Amino acid sequence: MSLKTTGIKATSAIATVAIAVLGLAACGSDSSSGSSKSKDDSIVFATGAPVLLDSTAPYGSVPKAMGYWKDQGLTVQIQPTAGATASAQLLTAGKADIIAGGTSSLYQAAAADPKIRLVSLQAENFWQIAVPEDSKIKSIDDLKGKTIGTQSLSSASYLFGRAAVQASGLDPDSDVKWLVIGVGSQAAAAIKDGTVAAYASYDGPTGVVSGVLGKKLINLPTPLDKVSGLSGYATTEQFLKEHKSAIVKFLLGTYKGYIFSTTNPGAAEQIQWAEYPEQKPKGMSTEEAIQSVLPNVESRFKSGSVPGPSGLIGDVPMKDVQDSIDFMVKYGVLKASLDSKKVVDLSLNKEANKFDADAVKKQAQNWKP
């Protein structure tokens, strides 16, 4: 198992990854984002996840398989990346049109490039620091002097992990150590053998690790639990101006994907396994496999379908948006504050929510493999 440890600050890590990704983008083929089709009907979506695990089904395999994008005349090319920071670099390099990720990375990118615009925000927080249920660690304070594992140093998981530690009263640079342990079986192995005491991630990868370990991971309480708008989708000012219809189509299809997955997570899992058969648990029936993974993904699916106070998915009050930015500034995730009104535009969510949610739920309930 190849692991990397660090004591460097988040901003240094971001800079290093940014250089690497920009180099990759410069060397890449224009075909990754270029197409004979108009950008109104063909886009590149960078996920912010290195592996499209089952937690990505609502915004990946499900809308693709159910035709939620295609039925609107939209083709979506899904591009995995090392994390949200890496996705943001592809966006600014013109190699992606829409990206998903934690707003720690998205706001960092917007600070560096004021042309970036966040167009959808999730109402509920899902960034967590988790430990095995039988761990003696019961609070963030108990992590002092210990090592926390994370997906990568460019991931929002790492940045929000640092914020959670600092907001809880510890110094994320001197009181704890950080170790890159990836996701899935590699992360599970690092937790099992005690290489790390906790895992900074979100409920998707955490659920997968829990399944591999055969034991539940418990989220430690942190001030992050009360902060909304910590993940979302972003594009550029130019793309927002010139291709609003493509963004609306993408968001609408994605929101349908979340509602479908929340209503029938077992169906979402089977759709995911049809596209990625290697992810289906081995040595058990389909029903047994579904039951084994449901505890790992249900909360993740649900968090993306929860509407904001306005009743719209993807919509968060601008006061709460600014509060979340101020939170990240206070705890060192962002170097300086941003004016939320200049980098966040949630106006398209009204149009993106114009679909029959009950019809999607019925479709999910009646789904057959």
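Key figures for this structure:
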quantity	calculated
Identity of the residue in region 222-264, farther than 30 Å from Ala198 by Cβ and either small (Gly, Ala, Ser) or in contact with a His (Cβ under 6 Å, 6 or more places away or on another chain) (or both), that ends up surrounded by the most Cβ atoms within 10 Å (Cβ to Cβ)	Gly257
Odd one out for Ala188 among (1) assigned by TED's automatic domain parsing to the domain that holds Phe301; (2) part of a helix (DSSP H, G or I)	(1)
Count of residues meeting criterion [surrounded by fewer than 20 Cβ atoms within 10 Å (Cβ to Cβ) and either of a type in the set (S, T, N, Q) or not assigned by TED's automatic domain parsing to the domain that holds Ala86 (or both)] in region 48-76	2
Total residues in region 300-319, condition surrounded by fewer than 20 Cβ atoms within 10 Å (Cβ to Cβ) and either out of contact with any strand residue (DSSP E or B) (no Cβ under 9 Å at 6 or more places or on another chain) or part of a loop (DSSP other than H, G, I, E, B) (or both)	9
Residue ID - modelled with the lowest pLDDT, chosen from residues in region 180-235 that are among the acidic types (Asp, Glu) and within 24 Å of Thr85 (Cβ to Cβ)	Asp203
Lone qualifier among Ala246, Ala289, Ala268, Ala336 - being assigned to a loop (DSSP other than H, G, I, E, B) and among the aliphatic types (A, V, I, L, M)	Ala336
Positions within region 137-163 being within 15 Å of Trp127 (Cα to Cα), modelled with pLDDT of 90 or more and not small (Gly, Ala, Ser), in sequence order	Ile140, Ile148, Thr150, Gln151, Tyr158, Arg162
Subset tally (residues that are more than 14 Å from Val344 (Cα to Cα), surrounded by fewer than 24 Cβ atoms within 10 Å (Cβ to Cβ) and hydrophobic (A, V, I, L, M, F, W, C)) for region 91-115	2
Residue ID - nearest to Asn125 (Cα to Cα), chosen from residues in region 287-303 that are in contact (Cβ under 8 Å) with a residue 24 or more places away in the chain and polar (S, T, N, Q)	Ser303
Hits in region 220-238 - residues which are in contact with a strand residue (DSSP E or B) (Cβ under 8 Å, 6 or more places away or on another chain) and either in a helix (DSSP H, G or I) or farther than 20 Å from Gly101 by Cβ (or both)	Leu220, Leu224, Glu237
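The rows are residues; the columns are (1) at pLDDT 95 or above; (2) more than 23 Å from Phe160 (Cβ to Cβ).
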residue	(1), (2)
Gln272	yes, yes
Thr286	yes, yes
Ile290	no, yes
Gly304	no, no
Pro307	yes, no
Lys330	no, no
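The values are calculated or read from the model by the stated rules, or taken from the named source; none is laboratory data. Please read all numbers here as calculations on a predicted model, not as lab measurements. Using ideal geometry, Cβ is built from the backbone for each residue, glycine included, and neighbour counts are taken over all protein chains shown.
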